[in-house]
Amino acid sequence: MTDFKSAAELLELCRQEQCPISEIMRRRECQLGEMTRDMADHRMARALEIMRDSASRPLKSPGTSMGGLIGGEAKKLSAHAAKGKAICGGVLSRAMMYAAAVLEVNASMGLIVAAPTAGSSGVVPGLLLALRDRYNISDERLVDALFNAGAVGYLAMRNATVAGAVGGCQAEVGVAAAMAASAAVELLGGAPEQCLDAASTVLMNMLGLVCDPVGGLVEYPCQNRNIAGVANALAAAELALSGVSQLIPFDEMLETMYAVGRRLPIELRETALGGCAATPSACQRCGGCG
């Protein structure tokens with residue numbers, strides 16, 4: 001049985017089978033889901049198709065979110081880059097644009113892939129689609145990358161949390177960025193150990209991030225946090241690919257993230273009672289804090 005309960009077990013399977021994280025996760029899905037390899041790939045390809053659509057639609061037809069807090073940011077980023085004014089470089093600028101776009105679709109009740117949640121749905125497609133643009137990566141390889149990301153997300157859900165109401169935004173955007181970083185490392189030729197080093201680095205860098213949606217809506221500052229998430233993921237992937245190792249293994253960092261999240265006060269865990277949500281400007285925009 002190809003199953004694993006921890007990152008340590010996942011790495012051991014990769015060593016035994018001499019294959020990447022994506023392949024171990026694909027085999028696990030096939031066995032537990034009682035499906036063929038083609039069926040598993042087809043389902044993941046459908047997820048990729050949804051990601052691609054949600055990352056591109058607002059660039060053509062921007063709209064306003066249900067709460068009226070965001071809308072049009074992705075197109076502004078696109079126009080800024082088109083003028084040659086982007087200061088973040090090609091990959092990061094495009095990743096930011098795509099991440100912003102997905103959050104606009106989510107906040108206007110469009111179809112997205114929760115990766116791992118709706119509020120953090122822009123990070124994984126943001127980074128992977130930007131890498132696709134830069135390196136002309138095929139859909140088949142992107143599907144592999146999504147299986148890799150899925151393995152990291154699975155470990156977070158099994159051993160910690162991906163819910164902002166439980167662990168703050170570090171559990172949502174933090175885990176999403178860890179998924180994206182790991183997937184990016186495999187996509188660019190990194191070893192399984194480097195993938196999980198990158199994932200651990202992300203959680204370290206986003207440790208303690210609170211969840212404070214203005215008006216209780218997954219719009220603002222969620223979109224900005226997704227954009228920050230892709231930047232964090234890209235930096236962590238670069239570190240891992242350059243050979244910079246991580247002192248703290250992913251399993252330990254995941255446990256630490258969960259412990260920190262449970263210690264966050266309730267006002268900072270998706271209740272809209274603290275943080276950005278409780279600022280005078282936010283309260284005025286939403287008609288008061290109630």
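The values are calculated or read from the model by the stated rules, or taken from the named source; none is laboratory data. It should be emphasised that the depicted structure is a prediction, and the values quoted were computed from it without experimental measurement. Note that each Cβ is placed from the backbone with ideal geometry, even for glycine, and that neighbours are counted across all protein chains shown. Areas reflect the complete protein model, heavy atoms only, side chains present, ligands, DNA and RNA absent. Shrake-Rupley method; radii C 1.70, N 1.55, O 1.52, S 1.80 Å.
For the reader, a short list of remarks on this structure follows.
- Check on MET257, at pLDDT 95 or above and either within 24 Å of ASN106 (Cβ to Cβ) or open to solvent by less than 50 Å² (accessible area, probe 1.4 Å) (or both): yes
- Residues that are among the small types (Gly, Ala, Ser), in a helix (DSSP H, G or I) and open to solvent by 10 Å² or more (accessible area, probe 1.4 Å) within the range 120-152 comprise just one, GLY150.
- Verdict on GLY287 being assigned to a loop (DSSP other than H, G, I, E, B) and under 24 Å from VAL214 (Cβ atoms): yes
- Taken together, the criteria place ALA100 among residues that are modelled with pLDDT of 95 or more and over 15 Å from ALA145 (Cα atoms).
- When the range 195-205 is filtered for residues that are in contact with a Ser or Thr (Cβ under 9 Å, 6 or more places away or on another chain) and either surrounded by fewer than 24 Cβ atoms within 10 Å (Cβ to Cβ) or not in a helix (DSSP H, G or I) (or both), only MET204 remains.
- Within the range 76-105, considering residues that are free of Cβ contacts under 8 Å to residues at least 24 places away in the same chain and not small (Gly, Ala, Ser), the one surrounded by the most Cβ atoms within 10 Å (Cβ to Cβ): LEU77
- Only one of the numbered conditions (1) open to solvent by 30 Å² or more (accessible area, probe 1.4 Å); (2) touching a Pro at 6+ places or on another chain (Cβ under 7 Å); (3) not small (Gly, Ala, Ser) is not met by MET51, and that is (1).
- Subset of the range 247-281 (residues that are outside any helix (DSSP H, G or I) and closer than 21 Å to VAL218 by Cβ): LEU264, PRO265, ARG269, GLU270, THR271, ALA272, LEU273, GLY274, THR279
- Being loosely packed, with under 15 Cβ neighbours inside 10 Å, among the β-branched types (Val, Ile, Thr) and touching a helix residue (DSSP H, G or I) at 6+ places or on another chain (Cβ under 9 Å) is a condition met by at least one residue of the range 277-284.
- Residue within the range 88-106 that is among the aliphatic types (A, V, I, L, M) and in a loop (DSSP other than H, G, I, E, B) present: no
- Output for the range 16-36, where each listed residue is part of a helix (DSSP H, G or I) and loosely packed, with under 12 Cβ neighbours inside 10 Å: GLN16, LEU32
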